[in-house]
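A.B. asks: Please find one structure pasted underneath; my questions will follow.
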Amino acid sequence: MSDIQHYMTTHHRDCDEILADAESPLAEGDWAGYQQKWRAFVSELLHHLTMEEEVLFPAFEQATGITQGPTMVMRSEHEQMRAFVAQMEQAIASQDQERAMGLVESLVLLIQQHNMKEEQMLYPMCDMRLPDNASTLAQMQSVTR
Amino acid sequence: MRLSGLQFDNIPALNIPFRFYLTAPIFAILTGVLLIFWGEQIWLSRWMPITLATTHLIALGVVAMIMFGSLFQLLPVLCGTPIPINSKGAIVFISLLSFGILCLSAAFLQQLSFLPALFLLSISLLSFGVILIYTLWFNASGFYTRTPVLLAVIMLALTIILGFSFLLNYQTGYFGALPKYWTNIHAAFGTLGWVTLLIITISFQVIPMFHVTPEFPVTIKNHYPFGLFILLISLAIELLFSNSHVTFALIATLLATYAIAALKQLSLRKRKLPDTTIKFWQLSLSSLLVCSFLLVVNLFTLSSKQLPFSLDSIIGVIFVVGVVLSVIQGMLLKIVPFLITLHLQQHAMKYPMGMGLMPDHYAIISRQHGKQLYWIHLGTLVIVVMSAFIPSLTKLVGILFIINWGFLWLMISRAYNAFSRIKLDISNA
Ligand SMILES: [Fe+2]
Ligand SMILES: [Fe+2]
């Protein structure tokens, strides 16, 4: 059984693609195009974070009794992602290309190493430990955007 | 899956890898100085004192120094286990190693006996090797990385043991003049075994992660590190009895197909932002392709001596400067800001108010500086290859080395200072 692993890993890849897609207008200095694609990415990213924080992590914490462990680190890294997103809003407002490029790079690296930990450890553990991962998955899919 | 396997925060203190990164450029600069004064002689033969001194300054002082520093950082991430060392231990290790390398070069230049080098290097390298092999053997996990890293370290151990026996022999004269066979094996295990094996293994992990490319094909990931190791061992055995053109050609083919596969991965990256690290990787992999081609050419010209210059030396410099120093600098450009961000994030977990103060990637090393570093390095590579034909250019190579690595040293130390400053700001936020 690897429902959660599969679903969430696919969603990570989707987010990667949407962000990669936003990079071309940024590289070309097309701010209107960038802003639109960046917003699309942010809404997908935030949706992902909400699914984890409101459904998956509590389910993991309840099933294992571990609240100060991996989910705490994951939540804190989510906060860091949100902080970068907030900084990007300022960079877009001031059309600061170097800053925006640096923020994208930082965010990509943060997300990649965060996802690696989730995909290699947290999701497999969820699939193994959760009493009813099919219903957890259904709950995640019903989280409103 | 054990819960204890979830070690999210056992990465070493930032000053541990950075001490290695800040020491290595000093050895490159020293090499540059030697090249300015005695460089022309390096093209005469690989047995010239200056050739031996500079190759070992680069191999141990620059390449091994940076790779050791990176292993402290990578093992927790790739294999889930730290190398047990604290800041003090790192300082002692780096000092012993550094003085050992200096003594070794002085001994090659006939200024010193080999005994101090032997003493210092055996304490530092052997203890590091034992700790590393122990850690990998008993504590490490990670299907794609544990065994290949272990194979690379075994190659390093064999290279070092051979090196030590040469030094003992120089000192005592016990075996008389060494047959070329043993030094060839020492060089092959060091360059193609330890260095290349480690680069290949690490590239499987960092190229998909840093550049968001698809994963490497499973056949390559599963078989290439093993294949290279087996080929090198059989090369060593065959060379004892006869020449081994087939094995050599197989090694060259393996390296060339790896280079092509990795270049293809990079071309499949979906990201669109320009990235100097990609250029460094492409330069390194193209150089590897050239080297493997020349290795095969060398097989056919070896007996007939048709060439007016030494193809061996050209392969050597393209490998060292083109393949190894390119990938090392490209990785440093990416990993230095990455590590700083990682450590600042951990710090900001304790001081959440400071999260907004996190610097962006290019605020730590600017894109402009990265690009400049690339062009200086590319220039160095071109001039170093040209100087194989025009030895008087070697002085210029020395100057470029000093500029290149002085610049890199400045960037890394400025990045570290920025880290300390921002860390303080975050605590005060
Ligand atoms: Fe997450
Ligand atoms: Fe996730």
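A.B. asks: Checking residue B:118 against (1) open to solvent by less than 40 Å² (accessible area, probe 1.4 Å); (2) modelled with pLDDT of 90 or more; (3) under 25 Å from residue B:404 (Cβ atoms), only one condition comes out false. Which one?
C.D. replies: If we test residue B:118 against (1) open to solvent by less than 40 Å² (accessible area, probe 1.4 Å); (2) modelled with pLDDT of 90 or more; (3) under 25 Å from residue B:404 (Cβ atoms), just (3) comes out false.
A.B. asks: Can you tell me which residues in region A:88-145 are assigned to a helix (DSSP H, G or I) and among the acidic types (Asp, Glu)?
C.D. replies: A:89, A:98, A:105, A:118, A:119, A:127
A.B. asks: Hey, does region A:58-67 have a residue that's part of a helix (DSSP H, G or I), more than 16 Å from ligand 1 (Cβ to nearest atom), in contact with a helix residue (DSSP H, G or I) (Cβ under 6 Å, 6 or more places away or on another chain) and among the aromatic types (Phe, Trp, Tyr)?
C.D. replies: The answer is no; no qualifying residue exists.
A.B. asks: Could you list, ordered by first residue, the pairs with Cβ atoms under 8 Å in which the first is in region B:113-132 and within 20 Å of residue B:71 (Cβ to Cβ) and the second is part of a loop (DSSP other than H, G, I, E, B), at least 6 apart or interchain?
C.D. replies: Every condition considered, the pairs that remain are B:131/B:83; B:131/B:84; B:131/B:85; B:132/B:83.
A.B. asks: Taking the options B:194, B:182, name whichever one is part of a helix (DSSP H, G or I), surrounded by fewer than 22 Cβ atoms within 10 Å (Cβ to Cβ) and aromatic (Phe, Trp, Tyr).
C.D. replies: None of the others qualify; the one that does is B:182.
A.B. asks: Looking at this structure, is residue A:88 within 16 Å of ligand 2 (Cβ to nearest atom), under 18 Å from residue B:358 (Cα atoms) and of a type in the set (A, V, I, L, M, F, W, C)?
C.D. replies: no
A.B. asks: Given B:254, B:197, B:168, B:192, which one is away from every other protein chain (no Cβ under 14 Å) and touching a Ser or Thr at 6+ places or on another chain (Cβ under 9 Å)?
C.D. replies: B:254
A.B. asks: Do you know which residues across region B:357-368 are touching a residue at least 12 places away in the same chain (Cβ under 8 Å) and open to solvent by less than 50 Å² (accessible area, probe 1.4 Å)?
C.D. replies: Passing the criteria: B:358, B:359, B:361, B:362, B:364, B:365, B:367.
A.B. asks: In this structure, is residue A:77 assigned to a helix (DSSP H, G or I), more than 10 Å from chain B (Cβ to nearest Cβ), within 12 Å of ligand 1 (Cβ to nearest atom) and not aliphatic (A, V, I, L, M)?
C.D. replies: Numbers: assigned to a helix (DSSP H, G or I): yes; more than 10 Å from chain B (Cβ to nearest Cβ): no; within 12 Å of ligand 1 (Cβ to nearest atom): yes; not aliphatic (A, V, I, L, M): yes.
No, not satisfied.
A.B. asks: Another one. Go through A:107, A:103 for me and flag whichever is more than 13 Å from ligand 2 (Cβ to nearest atom) and without any contact (Cβ under 8 Å) to a residue 24 or more places away in the chain.
C.D. replies: Among A:107, A:103, only A:103 is more than 13 Å from ligand 2 (Cβ to nearest atom) and without any contact (Cβ under 8 Å) to a residue 24 or more places away in the chain.
A.B. asks: Pairs needed: first member in region A:38-52, acidic (Asp, Glu); second member anywhere, within 11 Å of ligand 1 (Cβ to nearest atom); C-beta distance under 6 Å; at least 6 residues apart or different chains.
C.D. replies: As it stands, the answer is A:44/A:15, since those pairs meet every condition given.
A.B. asks: Moving to a separate point now. Just checking, how many residues over region A:32-53 are surrounded by fewer than 20 Cβ atoms within 10 Å (Cβ to Cβ), within 14 Å of another protein chain (Cβ to nearest Cβ) and within 16 Å of ligand 2 (Cβ to nearest atom)?
C.D. replies: 0
A.B. asks: Another question, if that's okay. Please find, within region A:1-23, the residue that is farthest from ligand 1 (Cβ to nearest atom) out of those that are facing chain B (nearest Cβ under 9 Å) and crowded, with 17+ Cβ neighbours inside 10 Å. Outline the logic, then answer.
C.D. replies: Of the residues in region A:1-23, the ones facing chain B (nearest Cβ under 9 Å) are A:16-17, A:19-23.
Restricting the remaining residues to those that are crowded, with 17+ Cβ neighbours inside 10 Å gives A:16, A:19-20, A:22-23.
Numbers: A:16: 13, A:19: 15, A:20: 19, A:22: 20, A:23: 21 Å.
Per the stated criteria, the residue is A:23.
A.B. asks: Could you check region A:93-128 and list, in sequence order, the residues that are farther than 23 Å from residue B:334 by Cβ, open to solvent by 10 Å² or more (accessible area, probe 1.4 Å), touching a helix residue (DSSP H, G or I) at 6+ places or on another chain (Cβ under 8 Å) and more than 8 Å from chain B (Cβ to nearest Cβ)?
C.D. replies: First pass over region A:93-128, keeping only residues farther than 23 Å from residue B:334 by Cβ: A:93-95, A:121-128.
Checking the rest, the ones that are also open to solvent by 10 Å² or more (accessible area, probe 1.4 Å) come to A:93-95, A:121, A:124, A:127-128.
Subsequent filtering for residues that are touching a helix residue (DSSP H, G or I) at 6+ places or on another chain (Cβ under 8 Å) retains A:95, A:121, A:124, A:127.
Scanning region A:93-128 gives A:95, A:127.
A.B. asks: Restricting attention to region A:54-78, which residues are closer than 19 Å to residue B:349 by Cα, surrounded by fewer than 16 Cβ atoms within 10 Å (Cβ to Cβ) and within 16 Å of ligand 2 (Cβ to nearest atom)?
C.D. replies: A:72, A:75 - these are the residues of region A:54-78 that are closer than 19 Å to residue B:349 by Cα, surrounded by fewer than 16 Cβ atoms within 10 Å (Cβ to Cβ) and within 16 Å of ligand 2 (Cβ to nearest atom).
Residues checked against (1) assigned to a loop (DSSP other than H, G, I, E, B); (2) open to solvent by 20 Å² or more (accessible area, probe 1.4 Å); (3) closer than 30 Å to residue A:23 by Cβ:
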{"site": "B:201", "(1), (2), (3)": "no, no, yes"}
{"site": "B:205", "(1), (2), (3)": "no, yes, yes"}
{"site": "B:209", "(1), (2), (3)": "no, yes, yes"}
{"site": "B:225", "(1), (2), (3)": "no, no, no"}
{"site": "B:228", "(1), (2), (3)": "no, no, no"}
{"site": "B:231", "(1), (2), (3)": "no, yes, no"}
{"site": "B:239", "(1), (2), (3)": "no, yes, no"}
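A.B. asks: Only one of A:101, A:72, A:128, A:121 is out of contact with any strand residue (DSSP E or B) (no Cβ under 7 Å at 6 or more places or on another chain) and within 25 Å of residue B:370 (Cβ to Cβ); which?
C.D. replies: A:101
The values are calculated or read from the model by the stated rules, or taken from the named source; none is laboratory data. From a predicted model like this one, the values you see are computed outputs, not experimental measurements. For neighbour counting, all protein chains shown are included, and Cβ atoms are generated from backbone atoms with ideal geometry for every residue, glycine included. Surface areas here come from the heavy atoms of the whole protein model, side chains and all, with no ligands, DNA or RNA. Shrake-Rupley method; radii C 1.70, N 1.55, O 1.52, S 1.80 Å.
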